[in-house]
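Heads up, the thing below is written out as structure tokens.
The values are calculated or read from the model by the stated rules, or taken from the named source; none is laboratory data. Here the structure is a predicted model, which means the values were calculated and not measured. Every residue, glycine as well, gets a Cβ built from its backbone with ideal geometry; the counts of neighbours run over all protein chains shown.
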Amino acid sequence: MPSAYPTERGGRVKALVWLVMAVLCPTKGVADTADYTRTPVLMLHGWFFMDDAGTATWAMFKKRMVADGWPEEFISTPSFTDVRGCDPGHAKEIAAFVDDLLARTGADRVDIVAHSEGALNTLYYLKFLCGVHKVRNFVALAGAFHGTAVACMDITESCGAKEMCVPKPLAWQENEMLAEILAGDETPGDVLYTSIYSSFDEIIVPPTSSVLAGARNIEVKTDWVEHAGIFMCDECYDLMKDALLNNSGLNEDGPGWESIPACAPSGPEQDYQDMALELETAPDVAEMSVAPEPRAEPAVEPGSPEIFEVFEELPTRHSHPPAMTGCAIGPCGDIRALLPLLLLIVRRRTYARRRG
């Protein structure tokens, strides 16, 4: 899928993002000794406006993880072919990312950390591509598990936004894709699940859409942690780190194999050859990204008054206080005010060009 803005303009936006990060977010020191006994980590981005979404999303967390002992080559931050795409294409790409990381590190399983729509994509992979047998911990940051009203206002009409569009609170069952992904057990397999979210999230509306039944759901105590600000929050990083190092996630309702019978183990000596064959013969990623499976249209048209009623029910606390607390030490927290501005600039240019 072509970029949503011209290459020249896109290059300027990318350069500005990296310049701000370089100036405001100095790199922490690398650990003296990398711990190669740790489980490799695949980090997945959400709906994004830059092609280099994986690198841009996880730059700060990756630096901190390397400083805390993860081997740099054990951390993978790829970008989806279509950064505004959806399932099942994204799930097929996750399967390839996981297999590549396992092959490069020689590990038996990986941990997955995912943000926003990336968390929803991960759940699809775990459930429908039997990824539960290759993943140990799944940590979601501001996961879009039950959709969001904000996605219904996407002027680009992207597949990813349609996948998350829920115009009425708690009405995710009306979105065909969400209903399919969440049917039955929301925490399938023997994976340990952790969902970290903030009540100040202005993109996942309502923020409780991130709550996953059966998981260890944690509402952060740090104030003013918004959707992008979750990457500048010390508490959020520490919670993720604890889940990965101490296996502190949960799967309180059990593996729920009845929800994914095709992935259920047949015994202790289960043979996964059939599963591998199924993945190899699945439709090509590019084909799935360009022509996603049809799904039901939202019950309410994007931009309708009913969507905006959702926001009126939320606490009016999405403005920044004079001094933010609990975020990464230094001026890095100030960058959160710039990233939404860059996104707004790109969207306005795209909309103006289309109207012209």
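Filtering segment 181-200 to residues that are within 17 Å of M164 (Cα to Cα), of a type outside the set (G, A, S) and out of contact with any strand residue (DSSP E or B) (no Cβ under 9 Å at 6 or more places or on another chain) leaves I181, L182. For segment 40-138, the helices (runs of 4 or more DSSP H) that sit wholly inside it and include 3 or more residues that are of a type outside the set (S, T, N, Q) and more than 15 Å from the chain's Cα centre (by Cα) are 53-67, 89-105.
Note on segment 225-240: among residues that are touching a residue at least 60 places away in the same chain (Cβ under 8 Å) and surrounded by fewer than 18 Cβ atoms within 10 Å (Cβ to Cβ), the one that is nearest to D190 (Cα to Cα) is E235.
Do we have any residue at all in segment 263-285 that's closer than 28 Å to T148 by Cα, at pLDDT below 95 and either of a type outside the set (A, V, I, L, M) or surrounded by 17 or more Cβ atoms within 10 Å (Cβ to Cβ) (or both)?
yes
Within segment 171-224, the only residue that satisfies the criterion of being on the phi > 0 side of the Ramachandran plot and either assigned to a strand (DSSP E or B) or free of Cβ contacts under 8 Å to residues at least 60 places away in the same chain (or both) is G214. One residue stands out in segment 115-131 among those that are in contact with a Phe, Trp or Tyr (Cβ under 9 Å, 6 or more places away or on another chain) and more than 15 Å from I203 (Cα to Cα): the one that is surrounded by the fewest Cβ atoms within 10 Å (Cβ to Cβ), namely C130. Considering only segment 141-163, I want to know if a residue exists there that is in contact (Cβ under 8 Å) with a residue 40 or more places away in the chain, within 22 Å of L42 (Cβ to Cβ) and surrounded by fewer than 23 Cβ atoms within 10 Å (Cβ to Cβ). Checked segment 141-163: no residue is in contact (Cβ under 8 Å) with a residue 40 or more places away in the chain, within 22 Å of L42 (Cβ to Cβ) and surrounded by fewer than 23 Cβ atoms within 10 Å (Cβ to Cβ). All conditions in (1) crowded, with 22+ Cβ neighbours inside 10 Å; (2) touching a residue at least 40 places away in the same chain (Cβ under 8 Å); (3) under 23 Å from D154 (Cβ atoms) hold for D51, with the sole exception of (1).
Of K28, K14, which residue is at pLDDT below 50, over 21 Å from the mean Cα position of the chain (by Cα), farther than 20 Å from L129 by Cβ and of a type outside the set (V, I, T)?
Numbers: K14 fails: over 21 Å from the mean Cα position of the chain (by Cα).
So the residue among K28, K14 that is at pLDDT below 50, over 21 Å from the mean Cα position of the chain (by Cα), farther than 20 Å from L129 by Cβ and of a type outside the set (V, I, T) is K28.
Out of all the residues in segment 53-77, which are of a type outside the set (K, R) and in contact with a strand residue (DSSP E or B) (Cβ under 9 Å, 6 or more places away or on another chain)?
Within segment 53-77, G54, T57, W58, F61, M65, V66, W70, F74, I75, S76, T77 qualify.
Residue pairs whose Cβ atoms lie under 9 Å apart, separated by 6 or more positions or on different chains, with the first residue in segment 100-113 and without any contact (Cβ under 8 Å) to a residue 24 or more places away in the chain and surrounded by 15 or more Cβ atoms within 10 Å (Cβ to Cβ) and the second assigned to a strand (DSSP E or B) and among the polar types (S, T, N, Q), do not occur. Among the residues of this structure, E157 does not count as one that is acidic (D, E) and at pLDDT 95 or above.
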